[in-house]
Amino acid sequence: MTRQTILIIEDDEDIRELLVYNLGKIGYAAEAVEPGETGLASATRRKPDLILLDLMLPGMDGLSVCRQLKAGKTTHDVPIIIISARGEETDIITGLELGADDYLAKPFSPNILLSRVRAVLRRIGQTL
């Protein structure tokens, strides 16, 4: 069975490393990229099973990336979990309205994030 792939679009190197390590530890194949344009190109080219997306990215911001992914012919059905320091109610609503499947404010617990990853993949019928 092929490992599920998770694309991490995040500009903070420490967070990228934390996510890659924790996701890999429980069996996911995690790829981390930045900035937003690179993440969008990678998602279009390789269609991951799930995307973890920061909002405050250099260049193309996360909301624009989310919007383009959800409008894309090959990426419209890829689930997205937004992870952002922007945790105001309006930010969360905007992210979810653009098509994100979940939203987690920074700082976050890695264990809660992993549970949310599993939950989103379970909802779409893809579990480890």
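Key figures for this structure:
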read-out	value
Set 77, 91, 102: member being under 15 Å from residue 48 (Cβ atoms) and among the acidic types (Asp, Glu)	77
Candidate set from the range 31-52 (those that are open to solvent by less than 30 Å² (accessible area, probe 1.4 Å) and aliphatic (A, V, I, L, M)); member that is nearest to the chain's Cα centre (by Cα)	52
Residue count, the range 70-82 (criterion: surrounded by 13 or more Cβ atoms within 10 Å (Cβ to Cβ) and either hydrophobic (A, V, I, L, M, F, W, C) or not in a loop (DSSP other than H, G, I, E, B) (or both))	5
Selected residue (criterion: surrounded by the fewest Cβ atoms within 10 Å (Cβ to Cβ)) from residues of the range 83-121 that are among the acidic types (Asp, Glu) and part of a helix (DSSP H, G or I)	89
Residues (touching a residue at least 12 places away in the same chain (Cβ under 8 Å) and under 21 Å from residue 119 (Cα atoms)) located in the range 84-93	84, 87, 92
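The values are calculated or read from the model by the stated rules, or taken from the named source; none is laboratory data. Everything numeric in this text was worked out from a predicted model, so none of it was measured. Virtual Cβ from ideal backbone geometry, glycine too; neighbours counted across all protein chains shown. For the accessible areas, the whole protein counts, side chains as well, though only heavy atoms, and no ligand, DNA or RNA atoms are used. Shrake-Rupley method; radii C 1.70, N 1.55, O 1.52, S 1.80 Å.
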